[in-house]
Amino acid sequence: MGNAITPLSLSLTPDAAGFFGKYGGSFVPPPLEAPLAEVRRAYEVVSRSHDFIEELRRIRKHFQGRPTPVYHAARLSRKLGHTQIYLKREDLNHTGAHKLNHCMGEGLLARFMGKKKLIAETGAGQHGVALATAAAYFGLECDIYMGEVDIAKQAPNVARMQILGARVIPATHGLKTLKEAVDAALVAYVQDPINQLYCIGSVVGPHPFPMMVRDFQQVVGLEARDQFTEMTGNLPDIVTACVGGGSNAMGIFAGFIDDPVELHGVEPLGRGPNVGDHSASMTYGREGIIHGFRCYLLQDDKGEPAPVHSIASGLDYPGVGPEHCHLKDTGRVRYFTATDDETVEAFYVLSRNEGIIPALESSHAVAHAMRLARSDPSQPRTVLVNLSGRGDKDMDYLIARYGTGEKFAL
Ligand SMILES: *Cc1c(COP(=O)(O)O)cnc(C)c1O
């Protein structure tokens, strides 16, 4: 267990230019080419370094509290039929979500590279909080770029980042949200790539980030495979996870990619299939380029990213990780959707029946597992859900709109 960075099967590794099939690559302006090449070379070295891997293992155990458990949701399963639902409890990872897995990896890489500062953008603030945590742990400076509009909306996460010692820098142009924050962070990175490392928050962006973030998240799948087979004597029939950029899904899928296990990604269908009402990139997108990589992209006629929506702010991104696009085309992973309404039901049902309040992002995957259970096939199945985070952050929003959720009683 805990093989930090075991190389994956060749079917998963991108080619030397960072392509997974026709997706991924590195489409960046010239000033970013040299800094990205430096990151690639450094990652090649550390991913084979005994010291780096040992240090990351130690951090995961003693700081993050890994391994996180796999839990059999027996009460929920019984109420829904014969399907047995299991949860990989990333909500119990330090800071309450899977994001810290790759932020600690990126922080350790920065230390090996001799960098002084971690920088990133954040939308709702979850990636910013995880990265600020890593920076505090490693004693590095941290600048988080955030749209002015998001800063006003996400006061608790802004406070968390500042308490952790990060500077939250407002992006004040354009719509003043995530896209502008990405622009601002990239400008800052190009200005000083010697002292700073840019840390991406999912399996997206130019090579090597989709590969590197997947490798750091792979611990989730490797742990879960060991834990599940020890608990049940078998592999799960289906492994499922929500897909925004796709890091928690790639993490758990990576552990089962060579096994006879169905892998199901779940995209946010929001209010429905009309443009602007969802962020289901692989279900409704077409090939395009965003933030330096090629993927299925929700876009308008001019190739500009389309407006997106999800009740879960961590999932509303018009692109998706390139490896997912390739896994969809090859048929190894199937992609489904869950609406906001299905997600809210799953949030309350899991809370009431198991005593676990899930993040709205993760609730998409729970909703899919519930749908599988209700379809009740003659053969009882096992479904392993990556519960990517806890729902404390979503409480105010849900209480204001749905109350305490009595109407969702099973
Ligand atoms: C950010 C976030 C996600 C979405 O990111 P992925 O890269 O798609 O995993 C999912 N769940 C939680 C709890 C998050 O914070």
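Structure above, values below:
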quantity	calculated
Subset tally (residues that are hydroxyl-bearing (Ser, Thr, Tyr), touching a residue at least 60 places away in the same chain (Cβ under 8 Å) and under 23 Å from Val168 (Cβ atoms)) for the range 85-135	1
Unmet requirement for Pro318, which otherwise passes all of (1) within 15 Å of the ligand (Cβ to nearest atom); (2) surrounded by fewer than 24 Cβ atoms within 10 Å (Cβ to Cβ); (3) in contact (Cβ under 8 Å) with a residue 40 or more places away in the chain	(3)
Out of Ser375, Ser362, Ser388, sole residue that is free of Cβ contacts under 8 Å to residues at least 60 places away in the same chain and hydroxyl-bearing (Ser, Thr, Tyr)	Ser375
Unmet requirement for Leu164, which otherwise passes all of (1) surrounded by 24 or more Cβ atoms within 10 Å (Cβ to Cβ); (2) more than 19 Å from Glu361 (Cβ to Cβ)	(1)
Verdict on Gly246 being surrounded by 24 or more Cβ atoms within 10 Å (Cβ to Cβ) and in the same structural domain as His127 (by TED's automatic domain parsing)	no
Verdict on Thr83 being of a type in the set (S, T, N, Q) and more than 30 Å from Ala184 (Cα to Cα)	yes
Some residue of the range 224-231 being within 14 Å of Lys328 (Cα to Cα), surrounded by fewer than 24 Cβ atoms within 10 Å (Cβ to Cβ) and over 15 Å from the mean Cα position of the chain (by Cα)	no
Every residue from the range 244-285 that is within 12 Å of the ligand (Cβ to nearest atom) and in a strand (DSSP E or B)	Gly265, Val266, Glu267, Pro268
Enumeration of residues in the range 292-312 that are surrounded by fewer than 20 Cβ atoms within 10 Å (Cβ to Cβ) and on the phi > 0 side of the Ramachandran plot	Gly303
Exclusive hit being touching a residue at least 12 places away in the same chain (Cβ under 8 Å) and either part of a helix (DSSP H, G or I) or among the basic types (Lys, Arg) (or both), set Val187, Val158	Val158
Among residues of the range 77-88, those that are of a type in the set (D, E, K, R) and surrounded by fewer than 20 Cβ atoms within 10 Å (Cβ to Cβ), counted	2
Residue list for the range 292-317, filter: under 30 Å from Asp396 (Cβ atoms) and assigned to a loop (DSSP other than H, G, I, E, B)	Leu298, Ala306, Pro307, Val308, His309, Ser310, Ile311, Ala312, Asp316, Tyr317
Residue within the range 322-333 that is of a type in the set (Gly, Ala, Ser), surrounded by fewer than 19 Cβ atoms within 10 Å (Cβ to Cβ) and in contact with a strand residue (DSSP E or B) (Cβ under 8 Å, 6 or more places away or on another chain) present	no
Qualifying residues in the range 331-359 (those that are in contact (Cβ under 8 Å) with a residue 12 or more places away in the chain and among the small types (Gly, Ala, Ser)) - the one farthest from the ligand (Cβ to nearest atom)	Ser351
Residue match in the range 173-183 (condition: more than 19 Å from Glu361 (Cβ to Cβ), in a loop (DSSP other than H, G, I, E, B), away from the ligand (no atom under 16 Å from the Cβ) and touching a strand residue (DSSP E or B) at 6+ places or on another chain (Cβ under 8 Å))	yes
From Gln196, Gln191, residue being within 21 Å of Arg40 (Cα to Cα), of a type in the set (S, T, N, Q) and surrounded by fewer than 17 Cβ atoms within 10 Å (Cβ to Cβ)	Gln191
Subset of the range 60-91 [among the small types (Gly, Ala, Ser) and under 11 Å from Val383 (Cα atoms)]	Ala73, Ser77
Residue check for Gly391: within 28 Å of Asp237 (Cα to Cα) and not charged (D, E, K, R)	yes
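The values are calculated or read from the model by the stated rules, or taken from the named source; none is laboratory data. What you see is a predicted model; the values in this text were computed from it and never measured. Note that we place each Cβ from the backbone using ideal geometry, even for glycine, and neighbour counts take in every protein chain shown.
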